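Colleague: Provided herewith is a single structure, encoded as structure tokens, for subsequent inquiry.
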Amino acid sequence: HLPVIVDPSHATGVARYVAPMAKAAMVAGADGLIVEVHPHPIEALSDGSQALMPEQFEALMNDLKQLAGFMKLEI
């Protein structure tokens, strides 16, 4: 009865795995995602290795919107 929220940033700890994990979470039925975004991850005070850059986040959102369309879901 509670929403399932997935945090692929902390779950993987590596930016290159965030998008695939986010897509997998969506397909598995997650109700929401938490994704870390930073304009300069290398300069982040913490968790920079798992943060997406804004353009990576935009690409992920475009992919998720397309995937949502196939699954007949709304984002």
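The values are calculated or read from the model by the stated rules, or taken from the named source; none is laboratory data. If you're wondering where the values come from, they're calculated on a predicted model, not measured in any experiment. With ideal geometry, Cβ positions are generated from the backbone for all residues, glycine too; neighbour counts draw on all protein chains shown. These area figures cover heavy atoms from the full protein model, side chains too; ligands, DNA and RNA do not enter into them. Shrake-Rupley method; radii C 1.70, N 1.55, O 1.52, S 1.80 Å.
Colleague: Give me the residue from region 20-58 that is assigned to a helix (DSSP H, G or I) and acidic (Asp, Glu) and, out of that set, nearest to residue 70 (Cα to Cα).
Modeller: The qualifying residue nearest to residue 70 (Cα to Cα) is 58.
Colleague: Sticking with this structure for a sec: Among the residues of region 1-19, count how many are open to solvent by 80 Å² or more (accessible area, probe 1.4 Å) and assigned to a helix (DSSP H, G or I).
Modeller: 3
Colleague: State yes or no: is residue 34 among the aliphatic types (A, V, I, L, M), modelled with pLDDT of 95 or more and out of contact with any helix residue (DSSP H, G or I) (no Cβ under 8 Å at 6 or more places or on another chain)?
Modeller: Details: among the aliphatic types (A, V, I, L, M): yes; modelled with pLDDT of 95 or more: yes; out of contact with any helix residue (DSSP H, G or I) (no Cβ under 8 Å at 6 or more places or on another chain): no.
No, not satisfied.
Colleague: Oh, and also: Tell me, please, whether a residue that is touching a residue at least 24 places away in the same chain (Cβ under 8 Å) and touching an Asp or Glu at 6+ places or on another chain (Cβ under 9 Å) can be found in region 56-68.
Modeller: Yes - at least one qualifying residue is present in region 56-68.
Colleague: Among the residues of region 20-75, write down those that are open to solvent by 90 Å² or more (accessible area, probe 1.4 Å) and over 15 Å from the mean Cα position of the chain (by Cα).
Modeller: If the condition is that a residue be open to solvent by 90 Å² or more (accessible area, probe 1.4 Å) and over 15 Å from the mean Cα position of the chain (by Cα), then 40, 42, 43, 45, 70, 72, 74 are the ones that fit.
Colleague: Looking at 59, 51, 15, 24, which one is in contact with a His (Cβ under 7 Å, 6 or more places away or on another chain) and not acidic (Asp, Glu)? Steps first, please.
Modeller: Working: 59 fails: in contact with a His (Cβ under 7 Å, 6 or more places away or on another chain); 15 fails: in contact with a His (Cβ under 7 Å, 6 or more places away or on another chain); 24 fails: in contact with a His (Cβ under 7 Å, 6 or more places away or on another chain).
Result: 51 is the single residue among 59, 51, 15, 24 that is in contact with a His (Cβ under 7 Å, 6 or more places away or on another chain) and not acidic (Asp, Glu).
Colleague: On the given criteria, is residue 13 free of Cβ contacts under 8 Å to residues at least 40 places away in the same chain and on the phi > 0 side of the Ramachandran plot?
Modeller: yes
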